[in-house]
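Visitor: For reference, the structure I am asking about is given below.
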Amino acid sequence: MEKAYNHLNSEADIYKAWEESGAMRADETSNKPPFTIPLPPPNVTGELHLGHAAMLAIQDILTRYKKMQGHEVLWLPGTDHAAIATENVVIKHHGKQSREEWPSREDFMVDAKAFADEKHDNIVNQMKRMGSWLDWSREAYTFDEPRNFAVNRIFKDLYQDGLIERGYRLINWSVGAQSVLSDDELEWDEVKEPFFYIKCGKFIMGTVRPETKCANSPLIVHPDEDYVEFENSAGENFIVIKRLYDDKEKFFKTLNFLDADADYKVLKTTKGSDLVGEKFSAETYAGMRDFYVIADTVIDPEKGSGAMTISASHSADDYNLAKRWEKSPLSKGDLGGFMPPKDWFIQKIDFAGNMTEVAGPVAGFSVKKARNVSGKLLEEKGLLVGKDINYEHRVPLCYRSSCVVEPMISPQWFIMVEKEYTHALDGKTTLKRQMQAAVRGFENEDPAVQIIPERFNKEYFRWIDNLQDWCISRQIWWGHRIPVWYDEQQNIHLAEEQEIIFARHGESVGNRDSKVQGVDDPLTDKGRAHAQEMIEVLKSENVGVIVTGTSARNTETADIIANGLGVKVVHIEELSSYDTKDVAGMSIDDIGRVAAIKYCKENGKGEDFDVFVERLRIGLEKLKAVRSKGKIVFVTNRSIYSVLQVLRDGGDTSDIFEKRSKNSHLPHGVIDRWPIFQAPDLPNLRQDEDTLDTWFSSALWPFSTLGWPNNEAPDLQKFYNNAVNGQGTDVLETGWDILFFWVARMIMFGRYATNKFPFHTVYLHGMVTDEHGKKMSKSKGNGINPIDMIEEYGADPVRLALVIGSTPGQKIPIGPNKIKGYRNFVNKMWNATRFVGLQSADSETGAYERSVPTQPSADNLSLTDQWILSRLSTVCAEVKSSLEAYDISTAGDKIYHFVWGEFCDWYLEAAKVEPNIDVLRYVLAEILKLTHPLCPFITQQCWQELFSDSLIIEESFPSLSLENPEAVKQFTTVQNIVGAIRTLRAEKNLNPKDKIAAGIKTDEAHLKSASDLVKALANLSDLEVAAQAITPEHSATTIVDNLEIFVDIPFDADAEAARIEKLKTELSQKIAGLKGRLSNPSYTEKAPPKLVAETQAQLEQAESELQKLS
RNA sequence: GCGCGCAUAGCUCAGUUGGUUAGAGCGUCACAUUGACAUUGUGAAGGUCCGUGGUUCGAAUCCACGUGCGCGCACCA
């Protein structure tokens, strides 16, 4: 073994060995209890950052631990298509400004897909470098076909339940991204902008957005406040809220056009409610407009002038107010004919971020420019009566493009979270209620979902309780396109479970039974003639491709036809057994499905089936790639009547799939591997242009990856059915920043679609920061790339640094120093292994035999052996209970200190004096198993070096019952004695190399038997352990655990006396304190008796020790 | 404005239902260095547990108020 552990020599090979072992694949047929973690899929085009690394470390630890505990563990990997983020990156990657620069949407999608595919391996390989025990055989992608299938299915279900609606709503429009954003995608920025006071008739209203004050509007006052109408020296009349008029300082500061020295005449004072109904026309910067006074308590009487107008089309608050008033009888429907309701919702800004025609002089200007110009116009017209340039407020920005977000009214798709529907399990309910019940619990039931740390429950409820309909449509291209088609009348058509008919021509070309008999006959003359006939028949058709299996006869037939027509042949062996008549009229995907079903019926399910399906899929992909070239002609033989008959006669494919799914021999994934929702092949239908919010597909992740919507899928049955409370998966571990984006929505869709909440525990890790707790950012330059750290120090240290010393929900401070510290630990473990190897090696040859150690016999165990075995038992139990409680930090800390501070510092040192190789090997083996979940690489490497080539993860997690409290107590005394002698030696500045003599005054057998050990550890020349140990002439004295210890040390008599005096003082103080406590009757009466007894014992010991010193 | 969280050694943080002398890592200081361990060992120093008051036999821990920092939300026209 090398002197130092080199992770670069180990990690790649070890991971490869794990992958090749096949052990990473979870077995859905296993009888073991399942344990499932869905991996939060990182952005497929992204780079691994420390947040990912923390997530991977925590989940891997749980996964490995549960596997060693005997669970059938599935940690399911995948990547996310990250709609908006990826679309922006693709545009930038091609050096373009917008997606419109591509010739077509399809072209853009091709480029985007190529980009995502190219980037995919990068992030996957980075995930592997963390040592992640992921089941790559089940890797999924949020934008692959099975996930698209699931997305389309739930969309259809939700739509049919009335929970998805399309409608005009006020949405957040990102002018830069040209797309709607959800409320959660906004980033708020604090800005200072001028606040304008504008004259509106006699009223004065305030706004930061003067450019929007260009249209007819209701003018809102507070109903319960008094308003003062006054006249200035120029004879102009104004109305402001009385509070403002009375507060002269504020009054003149606000309305800074007024002269504080001038006299103002109050004409009248009116209550706000009495102003209601007043109609007037007034000058705006854009010309004369109509206003109508209404009263509403949204007016804050402490702020501004006490009046405002609204832009219902461009402000969420105004929109809500207008919506409320639209229905209110007070508005008299259309404000008495004066102001039609449509005037409430005038569009002043268009989707490019420019002013519309209503803005008159600034029409066509950008909002920013219009704000400046309208301000100037107001000033010119004398309408600007005040301006506060120090006004601060928050504006929404697009979280991706950091550009301005304008509230706009636009047609979008929504999920109705408060609409009642009937759920199979929960009866009449709403999505919101179901989300609440997940964490709060249904009536008389415990909550199904537990959030760690618990305080996030509050955050969750605050969000859910205020939840509004979820806008799911996005005006981008990279994403799941909304599976809805419109006809010319704008009626909505949902996709049906049927596909385009394209293969409609074919003829049998041979003896269909030959293959059944195992004979692959050459093509007969008749067959050749038939093939020539086919050419003639097909000449008039637009044939694009010939498809055939691989039998000699079919291949020859296909070649003849293809040559005759000048088209290509595609070989798909898996389709060899079709009769062309039977596939005629079927879609490619249906053909695939039926082929798979048939294969399964004949050969059963197994690994071969997976291979078959995969090859079939590849063949069908080839077919799809060329189908646009023309019709497809199958050249095959042999039919599968039993299945196809149903298809032909019944015509209802869902029927046959129902039958299929009840057959337990049939495979998972057959239906799911191909989308069943396709555009209806009717020329006049037009698909919705929008795509779905990226979180829509993410929200299905825990079950769409396991075969849903096929509820019979074995993966779903095995792994979406956890052992704890029968909910979906077990743990969802992620950052708290996406609790709402993602976790809440998985809960929503999970309950809706699967009748289960998708996990029972939500573990929220904190944000990774630099070692000073500061957020990592590019601008600060304090970012750390986990891959660099893995390169330099290894994956194990990075994992330890991320999990030890951090608690859920709190930030995770990390820096190179912390990682370096754990690198040292990993190396320590390596060297401990090396030491054990050397100890067990043949002294002549240096060779040792590898074997997995078993528990050593209880005979002939020294005190040290008993102690380490006892401590090992205790630590294993502690680590286990910490991990069960998801307290990984404590588990790691316990291991760290046990391995370094106890096993290496004491047991290995003792082993140099009194070796017991069996115990040594056994304890090390158990330590490696114990540490494996946290440090998979070093433990595997050490395991291989000393014990076996097997995978250490296949071992059971250690659980021992060799506790021996008496041995622990006795050994602790040994440790204390050694420590005390070392301290004395250091205090006297003695060279640690120099051997000295010492004595311990005691008769206890275990100390006598440990005297060689003490001698070695404390580097003593001589040690006398006896009840009457002779005190050396020049000796320092100290007391340990009520034992007198003499150390023969050259010393200064005065200094020694002072030291003893100090010890005595400390003891006296302690005694006084203990006595004080014991003499307090309320303590002896009320404190637990055990505690009082302990205090008494301490007092006695301290008194005894003091006596010995005197 | 409302809400949540945090405040413990020079730094970053643990600290269970209140219970001996409040802990760890890093850093600092001293000594050692042919060793399983260049990545090591031994020892030491270092704390008004943010402040004030309260509950209690007993408070870092529970309560109230205050101070400072961080975060979230918000009908700020």
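The values are calculated or read from the model by the stated rules, or taken from the named source; none is laboratory data. Keep in mind that what you see is a predicted model, and the values were worked out from it rather than measured. Glycine also receives a Cβ, built like all others from the backbone with ideal geometry; neighbour counts cover every protein chain displayed. The area values use the complete protein model at the heavy-atom level, side chains included, leaving out ligands, DNA and RNA. Shrake-Rupley method; radii C 1.70, N 1.55, O 1.52, S 1.80 Å.
Visitor: Pull out the extension gain between A:Phe351 and A:Lys16, defined as 0.36 nm times the separation in residues minus the alpha carbon to alpha carbon distance; nm, one decimal.
Guide: 115.4 nm
Visitor: Using a 1.4 Å probe over the heavy atoms of the protein chains, calculate the carbon and sulfur portion of the accessible area of region A:47-148 as a whole percent.
Guide: Exposed carbon and sulfur together represent 49 percent of the surface.
Visitor: For A:Asp610 and A:Glu844, what is the calculated FRET efficiency with R₀ set at 41 Å and r taken between the beta-carbons, to the nearest 0.05? Provide the component values of the computation, followed by the final result.
Guide: Working: r = 53 Å, r/R0 = 1.28.
Efficiency for this residue pair is about 0.20.
Visitor: Taking R0 as 25 Å, what's the FRET efficiency between A:Leu8 and A:Asp121 from their Cβ-Cβ distance, rounded to 0.05?
Guide: Working: r = 21 Å, r/R0 = 0.83.
Between A:Leu8 and A:Asp121 the formula returns 0.75.
Visitor: Restricted to Cα positions, what overall size does region A:78-157 have along the principal axes? Three whole-Å values, descending.
Guide: Each principal axis gives a Cα extent; for region A:78-157 these are 42, 38, 16 Å.
Visitor: For region A:874-952, what does the accessible surface come to per residue with a 1.4 Å probe? Please give it in Å².
Guide: Per-residue accessible area for region A:874-952 comes out at 28 Å².
Visitor: Can you give me the Cα centroid spacing of region A:1-79 and region A:131-175 in angstrom?
Guide: Each part reduced to its Cα centre gives a spacing of 26 Å.
Visitor: Just the number please: accessible area per residue for region A:158-249, 1.4 Å probe, all protein chains included, in Å².
Guide: Accessible surface, normalised per residue, equals 38 Å².
Visitor: Then there is this: Take the eigenvalues of the Cα gyration tensor for region A:850-985, scale each by 5, and report the square roots as semi-axes in whole Å, largest first.
Guide: Those come to 25, 18, 14 Å.
Visitor: Right, next: Mind listing the Cα extents of region A:967-1029 along all three principal axes, in Å, largest one first?
Guide: Per principal axis, max minus min of the Cα coordinates gives 31, 24, 16 Å.
Visitor: Could you tell me the ratio Rg/Rh of region A:130-221? Both radii from Cα atoms, Rh via Kirkwood.
Guide: Rg/Rh: 1.22.
Visitor: Let me check I have the definition right: for region A:945-995, take the eigenvalues of the Cα gyration tensor, multiply each by 5, take square roots. What are those semi-axes in whole Å, largest first? Walk me through the numbers on the way to the answer.
Guide: Working: eigenvalues 304, 78, 11 Å².
Each semi-axis is √(5λ); the values are 39, 20, 7 Å.
Visitor: Related question: Only Cα pairs under 8 Å and at least 6 apart count here; give the relative contact order of region A:796-929 as a rounded whole percent.
Guide: 33
Visitor: Figure the gain on full extension for A:Gln178 and A:Glu488 (residue separation times 0.36 nm, minus the Cα-Cα span) and round it to one decimal in nm.
Guide: Gain on stretching A:Gln178 to A:Glu488: 109.0 nm.
Visitor: Mind checking region A:196-253 for GluC sites (Glu not before Pro) that DSSP puts in a loop (not H, G, I, E or B) and that have at most 15 other Cβ atoms within 10 Å?
Guide: Here the GluC sites (Glu not before Pro) that fit, given the DSSP loop and packing criteria, are A:Glu236.
Visitor: Let me ask another. Quickly work out the A:Ala858-to-A:Glu418 label distance, labels modelled 7 Å from Cα along the C-beta direction, and quote it in nm with one decimal.
Guide: Distance between the two pseudo-spin positions: 6.8 nm.
Visitor: What accessible area per residue comes out for region A:1016-1085, rounded to a whole number of Å², with a 1.4 Å probe?
Guide: 55
Visitor: Could you give the length gained by full extension between A:Thr29 and A:Lys268, i.e. 0.36 nm per residue of separation minus their alpha carbon distance, to one decimal place?
Guide: Once the chain is fully extended between A:Thr29 and A:Lys268, it gains 77.4 nm.
Visitor: Pairs to check: A:Lys368/A:Lys775; A:Lys199/A:Lys348; A:Lys192/A:Lys811; A:Lys202/A:Lys323; A:Lys248/A:Lys303; A:Lys96/A:Lys128. Give those whose C-alpha atoms are more than 22 Å from each other in this structure.
Guide: A:Lys368/A:Lys775; A:Lys192/A:Lys811; A:Lys202/A:Lys323; A:Lys96/A:Lys128
Visitor: Using a Förster radius of 25 Å, what is the FRET efficiency between A:His93 and A:Asn785 based on their Cβ-Cβ separation? Nearest 0.05, please.
Guide: The calculated FRET efficiency here is 0.75.
Visitor: Further question on the same structure: Which of the peptides A:708-716, A:348-356 is most tightly packed, and how do the rest follow, going by the mean number of other Cβ atoms within 10 Å of each residue? Mind dumping the intermediate values first?
Guide: Numbers: A:708-716: 20.7, A:348-356: 18.3.
Packing proxy ranking, top to bottom: A:708-716, A:348-356.
Visitor: Continuing with this model, one more query. Over all Cα pairs of region A:916-1008, how is the pair count split among 10 Å bins, expressed in % and running from 0 up to the last occupied bin?
Guide: In whole percents, the pair-distance histogram is 13, 28, 21, 25, 13, 0.
Visitor: In straight Cα distance, which lysines are under 26 Å from A:Lys1086, not counting same-chain residues fewer than 8 positions off?
Guide: Partners within reach: A:Lys1070, A:Lys1075.
Visitor: Sorted by average packing, counted as other Cβ atoms within 10 angstrom per residue and highest first, what order do A:940-947, A:720-727 take? Working shown, then result.
Guide: Working: A:940-947: 22.5, A:720-727: 17.8.
Packing order, densest peptide first, comes out as A:940-947, A:720-727.
Visitor: Just grab the label-to-label distance for A:Asn1042 and A:Phe442, each label 7 Å out from Cα along the Cβ direction, in nm (one decimal).
Guide: According to this spin-label approximation, the distance is 6.2 nm.
Visitor: Given Cα pairs under 8 Å that are at least 6 residues apart, what percent is the relative contact order of region A:962-1110?
Guide: Working: 171 pairs, mean separation 31.3, N = 149.
Contact order relative to length: 21 percent.
Visitor: Moving on. In nm, give the distance between the simple-model label positions of A:Asn817 and A:Glu1066, each being 7 Å from the Cα along the Cα-to-Cβ direction.
Guide: 2.9
Visitor: Continuing with the same structure: Give the peptides A:371-378, A:200-207, A:848-855 in descending order of average Cβ contacts within 10 Å, highest first.
Guide: With the highest mean Cβ count within 10 Å placed first, the list reads A:200-207, A:371-378, A:848-855.
Visitor: Next up: Tell me, what HN-Hα J-couplings in whole Hz come from the Karplus equation 6.51 cos²θ - 1.76 cosθ + 1.60 at θ = phi - 60° for each residue of region A:164-171, using x for Gly and Pro?
Guide: So the Karplus estimates, Gly and Pro as x, are 10, 9, 10, x, 7, 9, 7, 10 Hz.
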